[in-house]
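One structure below.
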């Protein structure tokens with residue numbers, strides 16, 4: 001937006017509207033914008049720290065984990081039954097059982113010193129160590145113990161049958177978990193299993209959040225003529241959801257020096273700095289100018305081919321990424337999802353699980369904008385004919401309720417003009433489709 | 001599994017194998033089993049607590065939230081420009097502009113006392129309060145300020161154009177967030193927006209975890225003949241992932257009284273009690289018997305039509321659900337996903353987001369079991385022809401690495417015999433498909 005003439009007071013748009021494309025010299029496509037950002041970051045591995053596995057859930061593994069041991073560490077029974085020499089059982093049937101002498105029994109978790117010979121059997125439990133020379137287990141269902149200390153075998157087994165061999169689960173020296181793995185509950189089980197109790201993980205990224213706008217107040221008090229700052233609670237929550245540590249830089253008034261000094265604090269303490277509002281192209285939109293004053297290379301992208309969130313700016317100062325987010329809460333949040341989320345993934349060298357999607361029928365037409373990626377908030381509900389996606393009616397990115405009522409996004413790509421009523425489209429869910437029957 | 005004859009020592013299977021269906025009197029279908037469990041729970045609302053919204057992320061809202069105010073609280077400009085009386089602009093074009101007298105300006109966050117008349121205009125910023133009598137905004141792009149204190153208007157606007165009306169986003173007295181909502185970042189923004197700083201949420205459920213097995217050790221030390229207890233770290237992690245509080249009941253040896261007293265402690269302190277192992281049908285499988293000794297109604301289901309995890313038991317004692325999970329880590333974890341996860345959802349009266357799924361081509365046949373729900377661990381990778389799902393080869397639920405190598409599950413439903421090589425099937429992902437290009 002260009003301001004024509006001289007305003008009696010500076011015109012600014014802290015919650016700036018989505019200006020027409022013409023306000024920006026060029027709108028950079030989302031993918032290109034993100035590449036420009038990461039290509040300007042210094043090549044640097046994330047900082048590491050060592051944590052106990054009791055605190056490692058959801059953290060990003062910083063090294064490959066090689067197993068120091070074989071698991072199982074010995075051949076063990078995979079079934080309850082009798083350890084036998086398989087060759088002794090050949091030809092056994094219910095009608096022509098074979099008889100073996102019971103020479104002992106093996107319990108779980110006890111190292112066995114039992115040594116068997118041909119013609120002998122040992123009672124064994126699942127997980128029990130196979131006695132020397134035995135090479136198979138006859139399931140207890142196919143046996144009958146006799147009062148004379150022998151066991152009837154009713155079925156033949158082949159060598160290795162019902163036996164779990166040394167290293168079958170994990171072989172010593174092999175990689176069990178790869179660098180970059182976001183640790184899940186079963187990974188903690190695996191680490192415990194192979195006797196590893198501390199791991200190196202990436203330090204949590206610190207993401208600083210500054211809101212700008214002289215009209216903003218802290219949420220806790222209503223002040224006449226002021227409006228609550230809703231972006232910091234949302235962004236700090238989104239940062240926490242990604243396992244990062246939010247740093248609250250508070251609110252800066254629309255003053256160059258105030259914004260600059262708070263951003264400097266952010267660059268000093270954080271890995272990523274977010275600043276909301278003052279990022280459009282009006283005279284009050286000073287965030288890009290402040291960022292450029294902080295150091296090189298400064299603003300890389302200003303104006304992204306994305307609706308909403310077009311005024312988003314991407315910058316690097318002193319090797320730290322700064323994202324200049326629009327002030328409208330919907331725009332700020334969507335720009336966070338589109339840029340900050342993959343930036344965190346890039347800096348940690350780890351992938352996050354994608355959002356779930358459902359295929360749904362559109363209840364009415366949605367328009368895209370050729371050349372821009374368009375986010376449509378939608379409400380998906382289940383019907384007998386399948387999922388229906390209802391675009392949430394909204395007059396713009398100022399309407400916060402559109403993000404609260406919606407349970408998903410329809411993303412209209414750059415090359416698509418729109419989707420028609422009745423068309424089947426993918427919706428990315430951020431809430432469940434509906435109050436599902438929890439009792440299945 | 002029936003043990004025939006008299007074992008010289010009790011045969012037990014703390015990490016019991018998946019016994020044949022015949023070992024159980026009946027295998028209860030998963031859905032029916034879950035219904036039996038929840039139908040035996042007392043009808044009881046979850047306990048509530050009040051939290052600051054800074055701590056409310058991911059918590060379950062316990063009440064509907066009604067907005068105490070209209071948002072916006074007044075008519076406000078949706079664009080930077082000039083507030084006008086729309087009727088004054090009718091017929092305006094670049095070639096035939098209309099001239100209005102500028103009588104003032106409106107800033108953001110300031111209550112305006114400005115009162116306009118026909119033939120007048122006021123400079124206004126996005127979000128600024130519309131002065132009395134004005135009813136539309138002409139975008140600044142279609143205007144030009146003149147040195148004589150007038151503004152040229154080059155385009156006509158209709159009443160309401162570029163104005164965001166009182167209550168357009170949120171109407172006073174309407175429900176903005178429903179009971180049962182799992183609070184997202186944008187919901188915290190909404191609560192801040194309408195001036196609500198504390199909310200009632202469901203108290204985090206406490207889920208107690210007991211491992212049984214004389215062969216088990218705490219993970220931190222290797223003891224000859226013992227094996228590390230891997231189920232508690234995994235289950236406690238899975239409990240945390242769902243926003244609940246794990247209670248560690250430790251390890252009980254395979255002794256009736258020891259298991260019983262630890263379970264009693266769990267019932268006293270937790271909302272849900274999980275116990276692993278000793279849940280099959282061998283003589284050492286005493287968990288069901290212990291549970292039945294604790295109170296009514298005791299075991300409701302023992303043996304579920306699900307592979308792995310068939311020996312799972314579901315019980316209620318003194319109004320508290322007890323889930324008897326198989327000892328094999330893969331079985332324990334899958335039974336957790338199938339029963340404990342929806343139980344938590346049921347008890348909190350809230351839905352979780354589903355796991356993401358991808359449609360992938362099967363690299364080889366997978367077998368189901370008619371009448372049972374079968375979980376196949378799979379590794380999904382992206383190729384130029386689409387996603388390929390490779391079932392992870394494993395000799396059974398004792399193979400923990402199958403859960404670590406896999407990034408998803410193929411669930412073969414009860415009525416399906418199996419899926420063929422090359423068939424397109426849905427895979428539920430618990431890890432990302434592959435090291436995606438973070439730079440898009």
Which of B:87, B:161, B:384 fluctuates most in a GNM of chain B (C-alpha springs under 10 Å)? That residue is B:384
For chain A, the longest principal axis of the Cα atoms and the Cα long axis of helix A:256-269 enclose an angle in degrees, to the nearest 10, of 20
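Suppose R0 equals 41 Å; then what is the FRET efficiency for residue A:337 and residue B:144 from their Cβ-Cβ distance, rounded to the nearest 0.05? Don't jump to the answer; show the numbers that get you there.
Details: r = 39 Å, r/R0 = 0.95.
E(calc), rounded to 0.05, equals 0.60.
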The relative contact order of region B:76-164, taking Cα pairs under 8 Å that sit 6 or more residues apart, comes to a percentage of 44
Helix-only [θ] at 222 nm, chain B, -39500 (n - 2.57) per DSSP H run of 4+, per residue, nearest 500, equals -4500 deg cm²/dmol
Everything considered on the Cα gyration tensor (a ≥ b ≥ c; rounded for a/c under 1.5, else prolate if a/b is larger than b/c, else oblate), the protein assembly as shown must be described as prolate
Most exposed first, judged by fewest Cβ atoms within 10 angstrom, B:434, B:168, B:152 run B:434, B:152, B:168
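How high is the relative contact order of region A:333-440? Use alpha-carbon pairs under 8 Å, at least six apart in sequence, and give a whole percent. Walk me through the numbers before you get to the answer.
Details: 187 pairs, mean separation 37.2, N = 108.
34 percent.
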at residue B:132 the sorted inter-copy label distances (label 7 Å from Cα on Cβ side), in nanometres, are 10.5
If the label point sits 7 Å along Cα→Cβ of residue B:155, residues of region A:273-299 with amide N under 17 Å come out as A:281-282
Shielding of A:125-134 by other chains, given as the mean Cβ count within 10 Å, works out to 4
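First check a/c for region A:357-429, with a ≥ b ≥ c the square roots of the eigenvalues of its C-alpha gyration tensor; if it is under 1.5, answer rounded, and if not, answer prolate when a/b is larger than b/c or oblate otherwise. Before the final figure, lay out each step's value.
Working: a/c = 1.88, a/b = 1.15, b/c = 1.63.
Note, shape of region A:357-429 comes out oblate.
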Checked region B:293-440 against the a/c 1.5 cut and the a/b vs b/c comparison, axes a ≥ b ≥ c from its Cα gyration tensor; verdict prolate
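When DSSP assigns beta bridges and you keep just the ones with both residues in the protein assembly as shown, what percent turn out antiparallel, to the nearest 5?
Once the DSSP bridges in the protein assembly as shown are tallied, antiparallel ones form about 65 percent.
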Checking B:233, B:97, B:297 against a Gaussian network model of chain B (alpha-carbon springs below 10 Å), the top fluctuating residue turns out to be B:97
Per the rotation taking chain B to chain A, min distance Cβ-to-axis on chain B (residue, whole Å) equals B:356, 2
With one decimal in nm and the nearest listed first, the spacings from residue A:146 to its own position in the other copies, using label points 7 Å along Cα-to-Cβ, are 12.0
Inter-copy distances for residue B:54, nm, shortest first, label points 7 Å along Cα→Cβ, are 2.8
For chain B, the longest principal axis of the Cα atoms and the Cα long axis of helix B:30-39 enclose an angle in degrees, to the nearest 10, of 80
The residues B:257, A:80, sorted from fewest to most surrounding Cβ atoms within 10 Å, come out as B:257, A:80
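Stokes-Einstein at 4 °C, 1.567 mPa s, Kirkwood radius from Cα pairs: D for chain A in µm² s⁻¹?
Working: Rh = 26.5 Å.
The estimated diffusion coefficient comes to 49 µm²/s.
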For region B:76-164, one quarter of the surface area of the C-alpha convex hull, expressed in nm², comes to 4.8
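Rounded to the nearest 0.05, what FRET efficiency is calculated for residue A:415 and residue B:66 with R0 set to 56 Å and r the Cβ-Cβ distance? Spell out each step's value before the answer.
Working: r = 43 Å, r/R0 = 0.77.
About 0.85, to the nearest 0.05.
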Out of B:320, B:25, B:262, a Gaussian network model of chain B with alpha-carbon springs under 10 Å gives the largest mean-square fluctuation to B:25
For the pair residue B:383 and residue A:171, the simple spin-label estimate (label points 7 Å beyond Cα toward Cβ) gives in nm 2.4
Exposure proxy check on A:244, B:165: fewest-to-most Cβ neighbours within 10 Å is B:165, A:244
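Under the 0.36 nm per residue contour assumption, what length would be gained going from the current alpha-carbon distance of residue A:39 and residue A:99 to full extension?
That works out to 14.2 nm of additional length.
Pairs of alpha-carbon atoms within less than 8 angstrom and 6+ residues apart define the contacts here; what relative contact order does chain B have, in percent? Let's see the in-between values first.
Working: 1026 pairs, mean separation 75.5, N = 440.
Worked out over chain B, it gives 17 percent.
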Whole-Å distance linking the alpha carbon centroid of region A:312-369 with that of region A:68-117 is 58
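Rule-based calculations on the coordinates, nothing more; no lab input. Just so it is clear, the structure is predicted and the values come from calculations on it, not from any experiment. Neighbour counts run over all protein chains shown; Cβ positions are idealised from the backbone, glycine included.
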